[in-house]
Every structure is written in C-alpha cells, then in structure tokens.
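Here is the structure we will look at.
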Amino acid sequence: MDGLRKPFFIAAIIVAALVVFAELGLSFFVVNAAVIPPGAGATQDLGVPAGIAAVNAANGSDPPGSGIAFLALVDGLVLFTVGMLGLSLIVPLRLYGRIQGIVTLIVSFLWIIMCFLLLIVGLIQLFLMIGLLVAIPFGTVVYVAIWGSFPVGAAAAVLGAVLLLKIVFGVLLVVAQPRFLRVKGLVILVLLSVVLQLVLGFIHGFLPGVVVSIGDQFWALVTGVVALIWALIMLIVSIPAIVNAIKASGSVTD
C-alpha cells in the first residue's frame, strides 16, 4: 500500500459497487417483483400456471433475462477482493492479518451456497425453456409467448453501461497504485468478468431472436459456475491464512 493514492482507490471501490448495483438493482430485483410480462395472459389461457409467467417477469423489464444478474456473482467477488484491500487501510495490519482469512472463509462459503442454489434454479428454468420449445406445437406456443421476445437493445444498453463502469474501475485502480497489476488473482478475476460480459453480449446479438432467452440462461449458468469455482478457490486459499494467524497468536501468547 506504499504510495497508494487513496482518493482514486476509494473511487475505484465505489465504481465496483456501482457495477454490482447495476447488475442486481436493474435485473435481479425486477425478477423478484414478479410483474407478469406482456403475453402472460395467453399462456394462462393455454393452462400455464401463473407462477411460471411470474418467474420470468424480467422478459418484460429492463434489462431482461438472467445473464446480467448472474454477472453480479463474479463482480461481487471483485468488490469483496478490493474491499478487503481497502480494509487494510483502516485496520491495523496485525489485526488485518488475523481476520483476513476468517472473513474470506466465511464469505466464500456463503458465496458457494448462494451460487449452488442459484445454479439449481437456473438449470431448472433452462430445462423448462428447452422442454417447451421442442414440445411442438403447444409447448412451442407457450415458449414463444413467455420467452420468445427478448429485448436485445435494452440488454445491450445495460451491458454497455456496466462495461464502461468496469473500464473506469480498472483505470482508477491502476492510477491509485500501478502495482495492483501484479496482483494476479485480482487481474484474472476482473478479466474473467469482462470476458463473461462480452460473450453474453455476443450471444444476445448472434442468436436468432426466438432462442436468445435460452442462450442468455445458458450463459448465466456458465457465469454461475465460474463464480462457484472462484469462491471455492478463495475458500481453499483462506485456510492456510487462518492456520498462520492461529500460529502467530499462539506465538504471541507464549
């Protein structure tokens, strides 16, 4: 932290938080609102339960789908990593060395559980989408009524804004301390986040409109798996830190 430009570093943390807020506040919370999208009435006439239409409320919202919301699983880890670095600025280093491993262990464990549960729900929804699409003719009609129209333009606007925030975050972080580029774990995680987002945007623009929702849901699951694996790595890495902290405490006591 020698030579750290604190105002730029604090600004980087704020921007990282804005990224997560944009991904959650503009998509995940909309899903929870359970607003039935246009066309849901037709699905109910065909015998589809109202709950299924409500689960996919984001299809009539801005942004739609699950892909953007699942990006927060990765960007949340970026925010946590940078936040832990920021914690070292306000907490004595001896205390920080003792609590870093424990906090990382707890957060990564909870993150693994959250990713696992979201992946199960997302996988069920993906199977439902595919099952309806191939169940010609009535299943296909239901699929088209619920997921057939994907607002690609709205999703692209959100992805563009989030990408801009990530670029600003990276610039602020480097300006704050160029040696952050040597923190391989943080650099790799940020690059993974950007790549996952770019591929999501490519899927939205490349696939035919009627199956964009399936592509979005599939890539959301891929993003969730990446976040799950990374959280698992964080959990494993935190164990030696906890052991060292315990040994250090024992040495001080002796």
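Every number in this text was worked out from the coordinates using simple rules, so none of it is lab data. All values reported here derive from a predicted model rather than from experimental measurement. Here the Cβ positions follow ideal geometry from the backbone for every residue, glycine too, while neighbour counts run over all protein chains shown.
Things worth noting here:
- If the segment from Ile99 to Leu198 were pulled out straight at 0.36 nm per residue, it would be longer than the present Cα-Cα gap by 32.1 nm.
- Taken along the Cα-to-beta-carbon direction at a fixed 7 Å, the label points for Ile239 and Phe8 span 3.9 nm.
- Whole-Hz ³J(HN,Hα) from phi, Karplus 6.51 cos²θ - 1.76 cosθ + 1.60, for segment 124-140, glycine and proline x: 4, 5, 5, 4, 5, 4, 5, x, 5, 4, 8, 8, 6, x, 5, x, 5
- Residues Val210 and Ser88, FRET efficiency given R0 of 45 Å [Cβ-Cβ distance, rounded to 0.05]: 0.35
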